[in-house]
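Here, each number is a calculation from the coordinates, and none is a lab measurement. Just so it is clear, the model here is predicted, and its values are computed rather than measured. With ideal geometry, Cβ positions are generated from the backbone for all residues, glycine too; neighbour counts draw on all protein chains shown.
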Amino acid sequence: MIKESAANAEEMARKVWLAGLGAYGKGFEELTGRMEALSTESNKFFDELVAKGQKIEDEGKVKVESVKNDVVAKTDIESRIETVRSKLGMGGNDNDQKIEDLSAKIDALTAAVAKLAAEPKTKPAAKPASKTAAKKA
């Protein structure tokens, strides 16, 4: 009976050992399957990202080209406007110089008026005969 009990215990221990090995094997197989699925999914996801990046890059190139063309057109228009303004004598630099010249003239006129106002008042000169008086004579 002891031999049978020992044999049963040995058989039970072997089954526990085999169950442990089976669990390890099952887990390994499941993990391997999931790793393959993840690898496939990650490759698919990567390819989707590449395609999306390509689309965004293409759209960006079109937008950059459009902005570049707009800037060139705007520069051409501004150049033409400046040419017309120059021909009409409306150049920005000319206006600054004209303002400085006018300011100098105003200063000179102000000084002249102040000088005249400071001079002593003298008897007003006789008025020339009016035209009606000249006609009567």
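Spin-label model, GLU11/LYS68: points 7 Å from Cα along the beta carbon direction are separated by 8.5 nm. Working from label points 7 Å from Cα in the Cα-to-Cβ sense, the GLU78 to LYS3 distance is 10.9 nm. If R0 is 35 Å, the Cβ-Cβ spacing of LYS55 and TYR24 corresponds to a FRET efficiency of close to 0.15.
Distances over 12 Å make up what percent of all Cα-Cα pairs in segment 1-55? The share of Cα pairs beyond 12 Å in segment 1-55 comes to 75 percent.
Report the far tail of the P(r) of segment 9-114, meaning the percent of Cα-Cα pairs longer than 19 Å.
Looking at segment 9-114, the distances longer than 19 Å represent 78 percent of pairs.
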